[in-house]
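Please treat every number below as a calculation from the coordinates, not as lab data. Just so we're clear, the structure is a prediction, and the values are computed from it rather than from any experiment. Don't worry about glycine lacking a Cβ; one is built from the backbone with ideal geometry, like all the others, and counts go over all protein chains shown.
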Amino acid sequence: MPRVWSGAAVLVVVLALCLVLPQLYANQFLFFDLMVYLALAQGVNILYGFTGYLPFGYVGFFGTGAYGMSLAVLKLHLPPVPAVLAGGVAAVVLGLVLAPLLRLSGAYFAIASLAASQAVYYVVANPSLTGVTRGPYGISLARVYHPSQSYLVMVGVLGLTLAAVLYLRRSRRGMVLQAIRDDPQSAAMAGVNVVRERVLAWLASALIAGLVGGVFAWQISVFYPATVFDLSTSIMAIVFTLFGGTGTLLGPVLGVTVLFGLYNVIGVSEPQYFQLIYGALIVLLVLFLPGGAASLLKRRGIDVL
Amino acid sequence: MRMRRLIGWRMAAGAALLGMGALVAGCGTSAAPTAKAPTQITVGTLYAGSGAFATSSLPEYQGLQFWAQQVNAKGGAFVKAYNKRIKVKIVAYNDQSSATTATTLYTQLITQNKVNLLVADFGSVLTSVAVPIAREHKTVLFDITGTGASFFTPNNKYIVLTSLPTSGVWPESLAGFLLHKGIKRVAILYLTNDFDQSQATTLASRLKAGGVTPVYDHGVPTSTSSYNVLIHAMAQSKPDAVIELGYPNNDIAFLQALASSGQHFNMVFTVFPGQLLSLLQKNVGAKGLAYTYTYPTPPLLAYNKVNYGLSLSQFTKAFQAQTHTGVNFLTIAGYNAGLVIQKTLDTAKSLRQSDLRQAVAGFSGKIFTLDGRFRINSEGAQVGETLPVGQLVPTTKGLQMVVVYPAKVKTGSSVYPAP
């Protein structure tokens, strides 16, 4: 089977499962949350897996998308779906503002992105902006609350995200990004516009987080700034991505499915041991599978999508 | 090569399916729908076993558990719909102080465990996500301490606040006290979250209406833990009264910084000494809390007209004997939520959620518990008790709470200015 068809099959299977599973198990938000992390992990994957930038402050785009969507509904009276797109646009605008961070690299970039996300959080939660963002009082979208519709839109956003990663896996642009990740000087000497390609990947990643944040806001409808700028969202998305394996389509899917599954299994059945078990598992995986779960398949000569 | 790729894809897809299967299988099995006479009444709730809200959530959960044990020791709660006592079972999950995890778990309680009654976790952040879910599933949410004003709207009849008024009305008595004392120079330092800022806004507004404009009115992030610079900045405005509105950790950090700063103010007010006195005293010391003003709540404030459930002294004795831990306001709030549920079961004509909510409206204003009068408005917000102002006065036996305002509940006079 050609790789493009294999990738398309993965995409269809994942989306079909996301549509079918709530019919089998009524906790729809569980699967919504799963899709949120599937999409965010792919967003992290686009940035880290293809360019080598680890965005610890990725939640800044997510929160911006949530607020962009909410303000589009509350202030511009847009219907929810266009408002979700507005959330994505808001995150892209933030990405443009923060694009100079790409001048940094490694731990410096990670820390700077973290600080930037916190700065955005404090601006949004600032009491002086209560008239605009409702400051610390949070958002209520009770008027447009529709969990079923927002669930379906989330399936769409996840589909777009998976398709974007599949494109990068298959396209010249994806190879260019990986070349930049491995050796930016050589890539530049080969005629690659390093800055432009990095910024495009950064904005694509921001767009994904913004759209996901917008749909998340629609789904939960009542939230505080702390909920959508929660740093654990970034950390979980990064851990899931690293666990599955970066630079692939299936790695993050595998990471989210296994770790998010375990998160819920342990969290629901053995909450008292949750942090011990989960922490130990992650330490073991980092020690023995630094390349992620996908590296197990690669070691056996299997070409992971 | 092509076959190898196919196998790779199949293996990966299989793993993904297995993972999703584990996800489904691990989340418990569906409970059977409520039969005509259920063998037990299930009360679903969440608690924060770790994270920012753990110190407040766990005592509240402990209070609810204590109520269930008390009721079950008598053969269960009386359920009017079946004219018999039925045992109560609490189904609880740990949300780890995460609002997103809480969203999944609230849905789990409703859709999978099919609990008869739903109780929110501590505070507004962890309650906020339950509000639309409960409304969507037409399930009454018994909200213990989620006091965000936005939860209570005319078109949401599926919420009942059991223990505290909405935070915006908390400082009514405090503003009255400041104006009554003729204190003109007031500094307000608050956290920029719904709970604290709504108090700060009300306080500033009431003071301005009384002709007093705060000389310092400043919000800081909820994560603030260093108050030294802020205290010195406030001191520059020469306030007579300093009002610090925070969460327990902030109050502790503020009072510690004040003690070490060398600054002295005639009046200092913080929120949580009145709710978690032992925690504050352990971290700040009796000296650091001396003459501090606060909102006193049970057990520091005793309501004598109790006509439902244990009185404060009975509760304190029984709770300590059973759990070997101290009583604070949050354990009382958890127990009080149990009492409201008990009365609901005692009076509802069926276990349908609409009947449960109607039952609550029916006994609103008629029961007096150790937490005072239980009374809700048409939106489900608690309006039974306003919070008075108290002062912690040092005595030979330790700190004593003296209620100083309003006059109808006053137990002594304030020591002002503080020595």
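Give the relative contact order (percent, whole number) for chain A; include only Cα pairs under 8 Å separated by 6+ residues.
Taking the mean separation of contacting Cα pairs over the length of chain A, I get 29 percent.
Rounded to the nearest 0.05, what FRET efficiency is calculated for B:Ala318 and B:Ser354 with R0 set to 35 Å and r the Cβ-Cβ distance?
0.55
Any number yet on Rg/Rh for the range B:241-366, C-alpha, Kirkwood?
1.11
Out of all Cα-Cα pairs in the protein assembly as shown, roughly what percent, to the nearest whole number, are more than 37 Å apart?
43
Peptides A:178-189, B:109-120: what's the order by average Cβ count within 10 Å, highest mean first? Intermediate values should be presented prior to the final figure.
On the way: A:178-189: 14.8, B:109-120: 23.3.
Sorting A:178-189, B:109-120 by mean packing, highest first, produces B:109-120, A:178-189.
What's the angle, to the nearest 10 degrees (0 to 90), between helix B:248-261's Cα axis and the longest principal axis of chain B?
Approximately 30 degrees, to the nearest ten.
Quick check: pseudo-label points 7 Å beyond the Cα along Cα→Cβ at A:Ala119 and B:Ala302, how many nm apart are they?
5.7
Could you work out the helix-only [θ] at 222 nm for the protein assembly as shown, with each DSSP H run of four or more residues adding -39,500 (n - 2.57) and the total divided by the number of residues, to the nearest 500 deg cm²/dmol?
When only DSSP H runs of four or more count, the value is -18000 deg cm²/dmol.
Need the full-extension length gain, A:Val97 to A:Gln185, defined as separation in residues times 0.36 nm minus the C-alpha distance. One decimal, nm.
Working it through step by step, the gained length comes to 29.2 nm.
Using only atoms on other chains, find how many Cβ atoms lie within 10 Å of each Cβ of peptide B:186-193 and report the average.
Other-chain Cβ atoms within 10 Å of each residue's Cβ, averaged: 3.
Going 7 Å from the Cα of B:His218 toward and past its Cβ, which residues in the range B:182-197 have a backbone nitrogen under 16 Å from where you end up?
From the range B:182-197, the list is B:186-192.
Nearest 5 is fine: what % of DSSP beta bridges in the protein assembly as shown come out antiparallel, could you say? Don't skip to the answer; put the middle values down first.
Numbers: 18 of 50 bridges.
Counting DSSP beta bridges with both partners in the protein assembly as shown, the antiparallel share is about 35 percent.
Run the numbers for A:Ala163 and A:Ala16: contour at 0.36 nm per residue of separation, minus the present Cα-Cα distance, in nm. List each step's numbers first, then the result.
Details: separation 147, 0.36 × 147 = 52.92 nm, distance 1.45 nm.
Extending this stretch completely gives an extra 51.5 nm.
Helix B:194-209 versus the longest principal axis of chain B: what is the Cα-based angle in degrees, 0 to 90, to the nearest 10?
Its long axis makes an angle of about 30 degrees.
I need the shape label for the range A:1-140. Rule: rounded when a/c is under 1.5, else prolate if a/b > b/c, else oblate, with a, b, c from the alpha carbon gyration tensor.
Judged from the Cα gyration tensor, the range A:1-140 comes out oblate (a/c at least 1.5, b/c at or above a/b).
Return the single residue from A:Leu249, A:Leu19, A:Leu207 with maximal mean-square fluctuation; model: Gaussian network over chain A, springs between Cα atoms under 10 Å.
In this elastic network of chain A, the residue with the biggest mean-square fluctuation among A:Leu249, A:Leu19, A:Leu207 is A:Leu19.
Among B:197-208, A:254-265, what's the highest-first ranking by average C-beta atoms within 10 angstrom per residue?
Put in order of decreasing packing, that is A:254-265, B:197-208.
Relative to the longest principal Cα axis of chain B, at what angle does helix B:99-111 sit, 0 to 90 degrees, rounded to 10?
It works out to around 50 degrees.
Provide Rg and Dmax in Å for the range A:3-299, with only Cα atoms included in the calculation.
Final numbers for Rg and Dmax: 18.6, 56 Å.
Can you compute the label reach from B:Asn228? Point 7 Å from Cα along the Cβ direction, backbone N cut-off under 15 Å, restricted to the range B:256-271.
Only B:256-263 fall inside the zone, counting backbone N under 15 Å.
Using only atoms on other chains, find how many Cβ atoms lie within 10 Å of each Cβ of peptide A:26-36 and report the average. Kindly include the intermediate steps, with their values, before the conclusion.
Numbers: counts 7, 15, 3, 10, 10, 4, 3, 5, 4, 0, 1.
What the average comes to for A:26-36 is 6.
To the nearest whole number, what is the average tally of beta carbon atoms from other chains within 10 Å of the beta carbons of peptide A:126-135?
Mean shielding by partner chains, rounded to a whole number: 3.
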